[in-house]
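The values are calculated or read from the model by the stated rules, or taken from the named source; none is laboratory data. It should be emphasised that the depicted structure is a prediction, and the values quoted were computed from it without experimental measurement. Please note: Cβ atoms are built from the backbone with ideal geometry, for glycine as well, and neighbour counts cover all protein chains shown. All accessible areas refer to the heavy atoms of the entire protein, side chains included, with ligands and DNA or RNA removed. Shrake-Rupley method; radii C 1.70, N 1.55, O 1.52, S 1.80 Å.
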Amino acid sequence: MPDPIFTHPLLAAVYDAFDGDRDDLAGYLAIADELGAETVLDVGCGTGSLAILLARHGRSVVGVDPAEASLQVARGKDPAGTVRWIHGDCTALPPVEADLATMTGNVAQVFLTDDDWARTLRGIRAALRPAGHLVFETRRPERRAWQEWAATVDPVTLEIPGTGPVQRRLEVTEVGLPFVSFRYVYRFLADGTVVTSDSTLRFRERDEVAASLAANGYRVLDVRDAPDRPGREFVFVARRSR
């Protein structure tokens, strides 16, 4: 099940504001251009930022996410219905025949078990046309991002249109590599509502990710640096191999 930060209606509604500038999206748009992708499957599309951007640049886009509250936000940003939104995961997708599948926002790290990760990769592979591509990023474990998170002790408060001031505090709750758990606490200051979201991510090494791709029907073509976060993430470019 996805975390409350994506499934709770109050948190989904303020997600984009706290997510800040999505500088990573330009890189994915450039890769779609590089690969000549016309049909794109956005896995874990969330509130739809990348899916809508791709559609605006002439792609046929399918966005899939298990969090209905996030999809409601995405649909609200796409009144013309330029994107096909699917509530669910990659294990039961309709035929898509995508040229490219993407996972942004480090979605790859939410799959904690080897079985869940493998099922996701196989589901995406089935949705790709022969020789279609999968592109995603994942944080480099050696950068130990959780140490920076733990050092961020001051809450962030934003004024959200239609909602009022919302305060968010982040706390790292457990580090037991390859797993890191953390908690967001949101305070809606206009009425005092407090909503908590607990999450766990898995930090996979580069070779581990590459091996999992090979085992599930992909060939890794390239592993790049994230242009918006140099030295912090691996960007995998893989192709369906069979």
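Quick one: if the Förster radius is 22 Å, what FRET efficiency do residue 80 and residue 57 give, using the C-beta to C-beta distance and rounding to 0.05? Kindly include the intermediate steps, with their values, before the conclusion.
On the way: r = 15 Å, r/R0 = 0.67.
Approximately 0.90, to the nearest 0.05.
Let me have the 222 nm mean residue ellipticity of the chain computed from DSSP H runs of 4+ only, each contributing -39500 (n - 2.57), with the sum over all residues rounded to the nearest 500.
Working: 8 runs with 75 residues, N = 242.
Dividing the helical sum by the residues of the chain leaves -9000 deg cm²/dmol.
Taking 0.36 nm per residue of separation and subtracting the Cα-Cα distance, what length does fully extending residue 129 through residue 205 add?
Extra length available between residue 129 and residue 205 comes to 24.6 nm.
Can you give the charge dipole size of region 127-242 about its Cα centre, rounded to the nearest 20 debye, using +1 on the beta carbon of Lys and Arg and -1 on the beta carbon of Asp and Glu?
It comes to approximately 600 debye.
Between residue 72 and residue 142, how high is the FRET efficiency from 1/(1 + (r/R0)^6) when r is the Cβ-Cβ distance and R₀ = 41 Å? Nearest 0.05. Each step should come with its number before you reach the end.
Values: r = 38 Å, r/R0 = 0.92.
FRET efficiency, residue 72 to residue 142: 0.65.
I'd like the accessible area for residue 184, computed on protein heavy atoms only with a 1.4 Å probe and all protein chains in place. Round to 10 Å², please.
It works out to around 40 Å².
Ignoring any ligand, DNA or RNA, what whole percent of the accessible area of the chain comes from carbon and sulfur when the probe is 1.4 angstrom?
50
Among 51, 131, 150, which one shows the highest mean-square fluctuation when the chain is modelled as a Gaussian network with alpha-carbon springs under 10 Å?
150
For region 169-242, restrict the atom set to alpha-carbon positions and state the Rg and Dmax in Å.
For region 169-242, the Cα-based Rg and Dmax read 17.8, 55 Å.
Roughly what would the spin-label model give for residue 87 and residue 215, points 7 Å off Cα along C-beta, in nm?
Each label point is offset 7 Å from its Cα along the Cβ direction, giving 3.4 nm.
Hey, for a label at residue 10 modelled as a point 7 Å past Cα toward Cβ, could you say which residues of region 178-197 have their backbone N under 11 Å away?
186-197
If ligands, DNA and RNA are left out, what is the accessible area of residue 114 with a 1.4 Å probe, given in Å² to the nearest 10?
So the heavy atoms of residue 114 present about 100 Å² to solvent.
Leaving out ligands and nucleic acids, and using a 1.4 Å probe, what accessible area per residue does the chain come to in Å²? Don't skip to the end; give the middle numbers.
On the way: 11360 Å² over 242 residues.
Computed with neighbouring chains in place, this is 47 Å² per residue.
Of the listed peptides 100-112, 201-213, what is their order by residue-averaged count of other C-beta atoms within 10 Å, with the highest listed first?
100-112, 201-213
Of all DSSP beta bridges located in the chain, what percent are antiparallel, nearest 5?
Of those bridges, close to 70 percent are antiparallel.
Let me spell out the model: positive unit charges on the Cβ of Lys and Arg, negative unit charges on the Cβ of Asp and Glu, origin at the Cα centre of the chain. What dipole size does that give, in debye rounded to 20? Spell out each step's value before the answer.
Working: 28 positive and 35 negative charges, 102 e Å.
With Lys and Arg at +1 and Asp and Glu at -1, about 480 debye.
Which residue fluctuates most in the GNM of the chain (Cα springs below 10 Å): 48, 63, 123?
123
What is the distance, in nm, between label points placed 7 Å from the Cα along the Cα-to-Cβ direction at residue 154 and at residue 1?
3.6
With the Cα gyration tensor of the chain giving a ≥ b ≥ c as the square roots of its eigenvalues, does the rule (a/c under 1.5 for rounded; else a/b larger than b/c for prolate; else oblate) give rounded, prolate or oblate?
Working: a/c = 1.83, a/b = 1.30, b/c = 1.41.
Taking the square roots of the gyration eigenvalues as a ≥ b ≥ c, the chain is oblate.
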